[in-house]
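The values are calculated or read from the model by the stated rules, or taken from the named source; none is laboratory data. Remember, it's a predicted structure, so these values are computed and weren't measured experimentally. Every residue, glycine as well, gets a Cβ built from its backbone with ideal geometry; the counts of neighbours run over all protein chains shown. Only protein heavy atoms, including side chains, enter the accessible area calculation; ligands, DNA and RNA are left aside. Shrake-Rupley method; radii C 1.70, N 1.55, O 1.52, S 1.80 Å.
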Amino acid sequence: MEKKIGCYICTGCGIGEALDVKALGNVAAKEQKIPVVKNHEFLCGSEGIQMIQKDMSAEGVNALIIVGCSHRVKTEEFRLGVAQMDRVDIRDKCLWVLDVPEGNETAEEDRQMMAEDYVRCGCVKVKKMNQPNPFAASTPFSKDVLVVGGGISGLTAALEVARTGYNALLVEKEETLGGKVALMHKVSPARAPYNKLEENPLPKLLAEVKGNKHIRIMNNTVVQKTVGAPGLFDVTLKNGSATSVERVGGIVIATGYRSYDPGKLDKRLGYGSSPDVLTSMEFEEMARSGKIVRKSDGKPARRVAFALCAGQRDSSHLEYCSGACCTYSLKQALYVIENHPEASAYLIYQEIRTPGQMEDFYRKVQNEGGIFIKGDIGQVSQAPSGLTLEVDDKLLRQKAKMEVDLLVLATGMETTVDTQDPNSASPVGKQVDDLPGSVLNLQYRQGPGLPSLKNNFPDSHFICFPYETRRTGIYVAGPARRPMGISASTTDAAGAALKAIQVVESVARGAAVHPRAGDLSFPSFREEGCTQCKRCTEECPFGAINEDEKGNPLFNPTRCRRCGTCMGACPQKIISFANYSVDMIGSMLKEMEIPEADDEKPRILVFACENDAIPAIDMVGRNRTPLSPYIRIIPLRCMGSMSLVWIADAMSKGYDGVLLMGCRHGTDYQCHNVRGSALAEIRLSKVSETLDRLQLESDRVKMVEVNIMDAETLPKVINDFVAAISELDPNPYKEF
């Protein structure tokens, strides 16, 4: 179908009073040759929307340029079912950020120039767009969800999937379901008033899972290997010597945690030297049996000490807090107190951490007589009737000896997921059919495990998308993702289940999941131009691209998040999207007008990531904080999509400076595409070669990290850069 573009300019919100709207229309109609150009004083209102819809049905308009406010507002009003569309923001990023005193003709002229440039950009962008055709596989997509792990998290995830009407395949490597919760006597309170021990919820949950027709359970089964992509995962399951292949659409990993090996703890804590020193899980089994006794002689244990943070927050063991151990120890202290009226429970701690409503439970144990000692255990020794603890009391500032019957060590949690360093130079792993110890054994070019961030736990965007991994369609829940207790694990499992359902529905429509949820485009390769440099496969944050034997990229569309990192990585410019390309952005920046050097009006091009930087700039507009009238902002999907060609084009066009605004990267990264801004910075380190070739100062190009909350500081960053560029001579290429 032939493309027919309509450009609709809103004159509301003060746009009509501040700008020459007729001139904006002339830019679209006469300069850019847009066939349908109209104004409306209230474009997002019912009359404005009806005007657009009427042109779509009567005039055949099938591509839209909406000129008015930010694309982040009025999203429902302009959800018109048109894939080829751009929202040109002349309100938030022009009117609201420019200080134009009344009667100041120069300022008014600058404002008009900025608005006209943004209209030019929008016109070029839509003209360069093509209609996205959603990816359709040659075989049917599956909407079933595989849940790996039959503990409390896995059972909850499977049940939540089934409750929505989707089928769940629950795989457990053990003979029975339940995981570590099956070994527990009672659990910490999960409901008001949060101060009473509760019965183990597992029997009821198991009955629901086993009675649900949408859940298929496979015990004594492990995943041998996983091939494919979301909607098309082919998972080989191994039960003894028998194997079978199941197709699933999404995967939830809920394999729980592995207790830190107490044999690695410091000898001073006495584990292994006395049977009366045991771990939390060993004590749990003792309580469940109904006999809290000294293992050394079988006599009742009336004095029980709990050592919190055993091997945690310790650089020699686990550097992190496991989050749930304090609550577990409080629960077990109540076992002791409630078991016998004369029993004593001592909790030796560094800090008590009881998040959420567990503060009430902490108070309950205090009121019931629990004895809390802030300090360290210096030495544990066997006594004739139990154990002797040498304790360094931090509050009383004295060392003391205690006689107890048992010492319970609250050891930490380690993930059970096989992870790998995502920053290794070439994380290419040999693909093997059977990799014992691997949860999924992914047959990915990037290796069989999931990328980690720190402490070997699977990586996720810890702020916005906590269940996500760097492998699209694969979600991790419960303590396999990060240390957490039972209540948090069930909440986590429900979230992961819903994410898995989102992905199977999205890929069935050919749409992307976050952060570009609903995007129907996917990258296409001009294979004849590929030099097998492998940059796209190595830089893709989500492992979307495999390679054939010759090194040619093999793309998996449903793994793609549409960030464009592969496009920015490709030196041959052979990767593009139907609605995003190197040519499109290059044409946009070339279309804007560059004043002559004598005008003394520098032009600063700002490439801003749409995930954090653009929302921050929108907030600047809402705050009415002035920005320089000399900047021109082009949003990018992700700074990882930045091509060095654009820098060269901008300098050749005559821009005086280029400012790149990406998300924060590093350990606590906020980049929605994990590595996009970090990769852009690496690429930018090579831009000096381009500037040297053009005989321009390296100060003309700068990259900054921007947080979505930086609206207060961002104006200074931008305006300082403009001021610094203004100190330089005009770009000599303006004259060419």
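List of remarks:
- Of all residues in the range 317-337, those that are more than 30 Å from the chain's Cα centre (by Cα) and touching a residue at least 40 places away in the same chain (Cβ under 8 Å) total 7.
- Filter pass, ILE708 being under 22 Å from ALA680 (Cα atoms) and either open to solvent by 50 Å² or more (accessible area, probe 1.4 Å) or assigned to a strand (DSSP E or B) (or both): yes
- Only one of ILE348, ILE371, ILE352 that is among the hydrophobic types (A, V, I, L, M, F, W, C) and in contact with a helix residue (DSSP H, G or I) (Cβ under 7 Å, 6 or more places away or on another chain): ILE352
- Here ILE682 meets each of (1) part of a helix (DSSP H, G or I); (2) in contact with a helix residue (DSSP H, G or I) (Cβ under 7 Å, 6 or more places away or on another chain) with one exception, condition (2).
- Residue check for CYS13: open to solvent by 10 Å² or more (accessible area, probe 1.4 Å), at positive phi and either at pLDDT 95 or above or of a type in the set (Lys, Arg) (or both): yes
- Scanning the range 336-361 for residues that are surrounded by fewer than 21 Cβ atoms within 10 Å (Cβ to Cβ), of a type outside the set (S, T, N, Q) and in a helix (DSSP H, G or I) yields ILE337, GLU338, GLU359, ASP360.
- Scanning the range 175-217 for residues that are over 23 Å from THR354 (Cα atoms) and part of a loop (DSSP other than H, G, I, E, B) yields GLU175, THR176, LEU177, GLY178, GLY211, ASN212, LYS213, HIS214.
- Subset of the range 554-583 (residues that are open to solvent by 30 Å² or more (accessible area, probe 1.4 Å) and within 16 Å of GLU527 (Cα to Cα)): LEU554, PHE555, ASN556, PRO571, GLN572, LYS573, SER576
- Within the range 78-97, residues that are touching a residue at least 40 places away in the same chain (Cβ under 8 Å) have Cβ atoms under 6 Å from residues that are among the basic types (Lys, Arg) and surrounded by fewer than 24 Cβ atoms within 10 Å (Cβ to Cβ) in these pairs: ASP86/LYS125; TRP96/ARG624, counting only partners at least 6 apart in sequence or on another chain.
- Note on the range 608-661: residues that are outside any helix (DSSP H, G or I) and either of a type outside the set (S, T, N, Q) or open to solvent by less than 10 Å² (accessible area, probe 1.4 Å) (or both) amount to 27.
- GLU593 open to solvent by 40 Å² or more (accessible area, probe 1.4 Å), part of a helix (DSSP H, G or I) and not polar (S, T, N, Q): no
- Which numbered condition SER329 misses (of (1) over 25 Å from PRO384 (Cβ atoms); (2) out of contact with any Leu (no Cβ under 7 Å at 6 or more places or on another chain); (3) surrounded by 22 or more Cβ atoms within 10 Å (Cβ to Cβ); (4) at pLDDT 95 or above): (2)
- Extreme residue, nearest to the chain's Cα centre (by Cα), among residues of the range 489-513 that are buried (at least 16 other Cβ atoms within 10 Å of the Cβ) and assigned to a loop (DSSP other than H, G, I, E, B): VAL513
- Checking LEU387 against (1) part of a strand (DSSP E or B); (2) surrounded by fewer than 16 Cβ atoms within 10 Å (Cβ to Cβ), the condition it does not meet: (2)
- Within the range 276-306, the residues that satisfy the criterion of being within 13 Å of LEU409 (Cβ to Cβ) and more than 35 Å from the chain's Cα centre (by Cα) are ASP276, VAL277, LEU278, GLU282, PHE283, GLU284, VAL304, ALA305, PHE306.
- The condition of being touching a His at 6+ places or on another chain (Cβ under 6 Å), under 24 Å from GLN84 (Cβ atoms) and of a type outside the set (Asp, Glu) holds for only one of ASN611, ASN579, that being ASN611.
- When the range 53-67 is filtered for residues that are within 28 Å of ARG622 (Cα to Cα) and touching a residue at least 60 places away in the same chain (Cβ under 8 Å), the ones remaining, listed by number, are LEU64, ILE65, VAL67.
- Top-ranked residue of the range 514-539 - restricted to ones that are among the hydrophobic types (A, V, I, L, M, F, W, C) and free of Cβ contacts under 8 Å to residues at least 60 places away in the same chain, ranked as most open to solvent (accessible area, probe 1.4 Å): ALA517
- Total residues in the range 79-131 satisfying the condition of being charged (D, E, K, R) and either part of a loop (DSSP other than H, G, I, E, B) or open to solvent by less than 30 Å² (accessible area, probe 1.4 Å) (or both): the figure is 11.
- Restricting the first member to the range 203-214 and to residues that are β-branched (Val, Ile, Thr), and the second to residues that are part of a helix (DSSP H, G or I), the beta-carbon pairs closer than 9 Å and six or more apart or on different chains are VAL209/LEU155; VAL209/THR156; VAL209/ALA158; VAL209/LEU159; VAL209/ALA162.
- Residue in the range 63-74 that is of a type outside the set (A, V, I, L, M, F, W, C) and over 20 Å from VAL21 (Cα atoms) present: yes
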